[in-house]
Structure formats: C-alpha cells, structure tokens
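For reference, the structure is listed below as structure tokens.
Just so it is clear, none of the values below were taken in a lab; they were calculated from the coordinates. In this text the structure is predicted, and so the values were computed from the model without any measurement. When we count neighbours, we look across all protein chains shown, and the Cβ atoms used for this are built from the backbone with ideal geometry, even at glycine.
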Amino acid sequence: MNHTPVLAMLHTVPGLVTEMEPLAADVVPGLNVLHYVDESLLRDTIGRGTTPGHVRRRLVDYARYAEESGAQALLVSCSSIGEAATAARDFVSIPVLRIDAPMADLAVASGHRIGVLATLSATLGPTTRLVQEAAQRQDKRPLISARKAEGAFDALRAGDRALHDKLVLEAFGELAGASDVVVLAQASMARVIEQTQGEPGGPAVLTSPASGMTQLSTVLRRKDS
C-alpha cells in the first residue's frame, strides 16, 4: 500500500496558501497539504508587540489538529509567531517547523556581517533571535544589525504598495552597505528586494519560503508497505 506524505501548514496571511504549496511540492512530489489560516494570530501578536499567551495556546491546538489529521509535520509560515511554534513542539509527537529556521542557519554560514530587515517589530525580534540561536549552534559570533522599515507595514495595510516598496528599499539600502548577507524577516519583502539583485558588491539576500521548504525532505517520507 502506498501512503502519500501529508504536511499541514499554518498561515496568518491567506494569500500564502497558493504560494507555499507549489514550493513544498517541488521538494516532496505528490505531497498532500492541509492548510490552516488564522489571521487573528498575527493581528493579536502585532497588537501586543509580542506573542501573547492565547496565541501560543492556539498554536498548540493547531499542532494537535495537524497530528490528529494524520500530518507528518506542521510548517508555520509566519515568522512573527515562530517562537510560539518552537514552544508547541513539546505538546505533539510530530515536528513543528519554522519557515525561517533554514534561512537563519544559511545566513550565519554565509557571512560575518548579517543584516535583518522587517516591516514589523513583532517579526524583527523573533527573527533576530533566531539568527543569534543559529550562530550559537555553529559556534560563530557574527555582527548582527537589525532594522525595521518604519511605516512600510502601515502603508501596505492601507493599500499603498508604492510607499511600502519605497520604504523597504530605503531601509534595505541602509543595511546593505554594512552587510555581507541580508535576511528578509517577511516573505512579502522579497518582491521588492528582487530589483536590487545583481548590483556589484551587494550583499547576498535570503528569503524564507524557498529555503524553508528544504527541511521537508528530512521529515516527510513516502512510505510503501
């Protein structure tokens, strides 16, 4: 009998459903994906400036739903609640994966001067700490610079994409000159930064979606019996 590997994904942005599934399927062909979407997890985290207790409890519930539904792992696509994802691992028997974990490891391996860019304070802190944890595992002491693109998230939420892009590019420019590699804490910035690629002397730029899927090959297996 052939058992198709099953992955559950938890999103706080509905639009990521269609973006993430093809990336996962490229890593594990034939994968069956279950999607959970809960915008309130991000909304409440932004409102508190950190991940509140009820968000952490709900994330544990989603991990349990995934386990009960037969998923072999739960992948959390929101970096802002990544630390809650780590904490949820203690309550289930399946892996709970952070989309940005491989990106942090790659950043530390790629250069000494690491820039972290975000449009939300609620994301900047967790991503910076994730890079610091990766550095400890690799026994390295990189120089980490974190910067928030002030006003960019509010502009995007108001529908002003042009202003969002302008503010992100300005913040990126401030980091780029002093960085060997720049980590984008939010996947929504990747589209903007793409226009800077290929510039001589520019830093390497890392995003979480593509690199985050690489971990699936080690936790998802097609079982034949």
For Val13, Val92, Val108, ascending order of other Cβ atoms within 10 Å (fewest first) is Val13, Val92, Val108
Calculated from DSSP helices alone, with each H run of at least 4 adding -39500 (n - 2.57) and the total divided by the residues of the chain, [θ]222 nm to the nearest 500 comes to -14000 deg cm²/dmol
The summed charge of the Val108 Cβ neighbourhood (under 12 Å; Lys/Arg +1, Asp/Glu -1) stands at 0
Measuring from its Cα centre, the chain shows a charge dipole (+1 at each Lys and Arg Cβ, -1 at each Asp and Glu Cβ) which, in debye to the nearest 20, is 460
Diffusion coefficient in µm²/s returned for segment 47-91 by Stokes-Einstein, Kirkwood Rh over C-alpha pairs, 4 °C and 1.567 mPa s, is 119
Note on the chain, DSSP bridge orientation, antiparallel percent to nearest 5 equals 5
Checking rank on 204-216, 94-106, with mean other Cβ inside 10 Å and highest first, the result is 94-106, 204-216
Hydrodynamic radius by Kirkwood for the chain, inverse mean 1/r across distinct Cα pairs, in Å, is 18.0
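Could you line up Thr12, Thr4 from fewest to most neighbouring Cβ atoms inside 10 Å?
Values: Thr12 23, Thr4 11.
By the 10 Å Cβ count, ascending: Thr4, Thr12.
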Residues whose modelled amide H sits under 5 Å from the amide H of Ala146, counting only those 5 or more places away in sequence or on another chain, are Val116
If each K or R counts +1 and each D or E counts -1, the residues other than Asp139 whose Cβ falls under 14 Å of its Cβ total +1
